[in-house]
Amino acid sequence: MRALKVLTISLLAFLSYSTYGASLRDTTFSVNRRYYAMVNGSLEKWDFNKDGSFLHQGVNGGSGTSVRGSERGTYSIQGNIIVLHVTKKTTAFVTPGSRGTTQLGAASNAGSQTRKMSIKLVGNDGENGVVLNGKAFNVRHWQ
């Protein structure tokens with residue numbers, strides 16, 4: 001009789017999980033914060049929104065040249081993993097040209113890419129920062 005109860009409970013849990021998805025097993029939540037860090041001499045920014053969207057930007061500069069890249073999409077946090085679904089990437093640059101001119105360039109890609117990174121929220125819901133793939137990011141209060 002006890003084995004039947006255990007089997008029934010296990011079957012109900014399996015059916016519930018299959019019907020309602022990972023919410024019964026995984027801790028999935030969102031963050032509504034902006035972060036920044038200097039990584040290898042470049043500014044890196046992450047914006048995570050309550051609606052599950054994100055914007056990731058990197059700014060590099062040196063010797064008169066500036067390169068800016070960004071990617072946007074949606075995210076979900078499951079335990080200590082963040083899953084990023086990138087839907088758009090954009091890169092732009094400005095560099096000095098010959099005879100005092102400036103050269104500009106840009107590229108955009110609307111393809112889809114999914115990748116995973118480790119995440120650790122520092123403080124309550126990331127109020128003191130976040131660690132992404134071992135890199136520490138501070139809370140950003142500016143655009």
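Brief remarks follow.
- Assuming charge only on the beta carbon of Lys and Arg (+1) and of Asp and Glu (-1), the dipole of the range 31-118 about its Cα centre is about 60 debye to the nearest 20.
- Residue exposure proxy: 119, 81, ordered by other Cβ atoms within 10 angstrom of their Cβ from fewest to most, comes out as 81, 119.
- Sum of side-chain charges, residue 59 neighbourhood, beta-carbon under 9 Å (Lys, Arg +1; Asp, Glu -1): +1
- Rounded, prolate or oblate (a/c below 1.5 giving rounded, otherwise prolate when a/b exceeds b/c) for the range 79-143 by Cα gyration tensor: oblate
- Label separation (residue 38 vs residue 118): 2.5 nm, computed from points 7 Å beyond Cα along the C-beta direction.
- Value of D in µm² per second that Stokes-Einstein yields for the range 31-139, Kirkwood Rh from Cα pairs, at 25 °C (0.890 mPa s): 162
- For the range 105-139 versus the range 74-88, the inter-centroid distance based on Cα atoms is 9 Å.
- With contacts taken as Cα pairs under 8 Å and at least 6 residues apart, the range 31-139 reaches a relative contact order of 20 percent.
- Counted charge near residue 135, where neighbours are those whose Cβ lies closer than 13 Å (Asp, Glu -1; Lys, Arg +1): +1
- Cβ crowding within 10 Å, taken as a proxy for footprinting-reagent exposure, orders 85, 56, 141 from fewest neighbours to most as 141, 85, 56.
Each value in this text was obtained by applying a stated rule to the coordinates, not by laboratory testing. As the structure is a computational prediction, the values presented were derived from the model and not from experiment. No Cβ is skipped: glycine too gets one built from the backbone with ideal geometry, and neighbour counts run over all protein chains shown.
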